[in-house]
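Peer 1: Next up is a structure, given as structure tokens.
The values are calculated or read from the model by the stated rules, or taken from the named source; none is laboratory data. Just so we're clear, the structure is a prediction, and the values are computed from it rather than from any experiment. We place every Cβ from the backbone using ideal geometry, glycine too, and count neighbours over all the protein chains shown. Quick note on the areas: whole protein, heavy atoms, side chains included, nothing else; ligands and nucleic acids left out. Shrake-Rupley method; radii C 1.70, N 1.55, O 1.52, S 1.80 Å.
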Amino acid sequence: MKPDRRTHVERSESTRAALVQSARSLFTEKGYAKTSTPEIVVAAQVTRGAMYHHFADKTDLFFAVAMQYAHEVADQVARGSSASSSPLDALLRGAESYLAAMAEHGRARLLLLDSPSVLTVEQRLQLNVLSGEKELRQGLADALPAAVNAAALLPELTALVSAAFDHATLAIAAGASPEKYKAAMRLLLSQLIRPPA
């Protein structure tokens, strides 16, 4: 048998990555509640001790998976809205990119259904920030007409629009028409951004 010549850091990173990848697959397929830690360590081909070396418990591992998903969603939204012709166009493209990113198998359940029952409020707020809340807030600030004094309400507007995105995501995951929700999102944002009469 060939000796493992990787450094301790490389082996540690490899073990952590294997745990996150295995947990991600299982959480995505089965959900948090129906996934056990023994299943995760078997799938990752590591020991329970190795898992507890890297993660405090199953919830900690779930948070690592959720953070990975949140980063991926944010990257997809950023790519989707980068070539926009106006602030409103950036919001519309970002909204469609968010819905597309969240349509990936298991993401809606993991980020919007399992996370609220598993993670702390602070962890969920971290996920929101990572998955595009800051960009949404900036997009709204850029797109709202100057005549509308919405700066004082920007956090609340961001929360409401974000909640609309999440509701649309869950409805689409349950079988609703993505095209109708995209059209409704375009109408909502267009009306919100419309200059005052």
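Peer 1: Please state the charge dipole magnitude for the chain, taken about the Cα centre, from unit charges on C-beta atoms (+1 on K and R, -1 on D and E), reported in debye and rounded to the nearest 20.
Peer 2: On the way: 21 positive and 20 negative charges, 77 e Å.
Result for the chain is approximately 380 debye, rounded to the nearest 20.
Peer 1: Further question on the same structure: Counting only protein heavy atoms and a 1.4 Å probe, tell me what percentage of the range 75-152's accessible area is made up of carbon and sulfur. Let's see the in-between values first.
Peer 2: Details: 2210 of 4170 Å².
Carbon with sulfur: 53 percent of the solvent-accessible area.
Peer 1: If Lys and Arg each add +1 and Asp and Glu each add -1, what is the summed charge of the other residues whose beta carbon sits under 14 Å from the beta carbon of Leu26?
Peer 2: Net charge in that neighbourhood comes out at +2.
Peer 1: If you don't mind, another one. Sort 152-159, 74-81 by the packing proxy (mean of other Cβ within 10 Å over each peptide's residues), most packed first.
Peer 2: 74-81, 152-159
Peer 1: Another one. Over the range 116-197, what is the mean sequence separation of C-alpha contacts under 8 Å (at least six apart), divided by residue count, expressed as relative contact order in percent?
Peer 2: On the way: 30 pairs, mean separation 30.4, N = 82.
For the range 116-197, the relative contact order is 37 percent.
Peer 1: Write down the accessible area per residue of the chain in Å², having rolled a 1.4 Å probe over the full set of protein chains.
Peer 2: About 57 Å² of surface per residue is accessible.
Peer 1: Taking the chain as the reference, fit the longest principal axis to its C-alpha atoms, fit the long axis of helix 58-81 to the helix C-alpha atoms, and give the angle between the two in degrees, 0 to 90, nearest 10.
Peer 2: 40 degrees
Peer 1: Taking only DSSP H segments of four or more residues, each worth -39500 (n - 2.57), what value at 222 nm results for the chain once the sum is divided by all its residues, to the nearest 500 deg cm²/dmol?
Peer 2: Roughly -22000 deg cm²/dmol at 222 nm, from the helical runs in the chain.
Peer 1: Please give the helix 178-193 orientation as an angle from the longest Cα principal axis of the chain, in degrees from 0 to 90, rounded to the nearest 10.
Peer 2: Once rounded, one gets 50 degrees.
Peer 1: Size of the dipole of the range 65-145 about the Cα centre, Lys and Arg at +1 and Asp and Glu at -1 on the beta carbon, nothing else charged, in debye to 20?
Peer 2: 80 debye
Peer 1: Using Cα centres only, tell me the gap between the range 1-79 and the range 86-109 in whole Å.
Peer 2: 26 Å
Peer 1: Specify the angular offset, from 0 to 90 degrees and rounded to the nearest 10, of the alpha carbon long axis of helix 87-102 from the longest principal axis of the alpha carbons in the chain.
Peer 2: Taking Cα atoms only, the helix is inclined about 30 degrees.
Peer 1: Straight-line reach from Lys30: which aspartates and glutamates fall under 17 Å, measuring Cα to Cα and dropping same-chain residues less than 8 apart?
Peer 2: Within the straight-line cut-off, Lys30 pairs with Glu39, Glu104, Asp114.
Peer 1: Once you order the gyration tensor axes a ≥ b ≥ c over the Cα atoms, which shape class does the chain get: rounded for a/c under 1.5, otherwise prolate or oblate by comparing a/b with b/c?
Peer 2: It comes out prolate by the Cα gyration axes.
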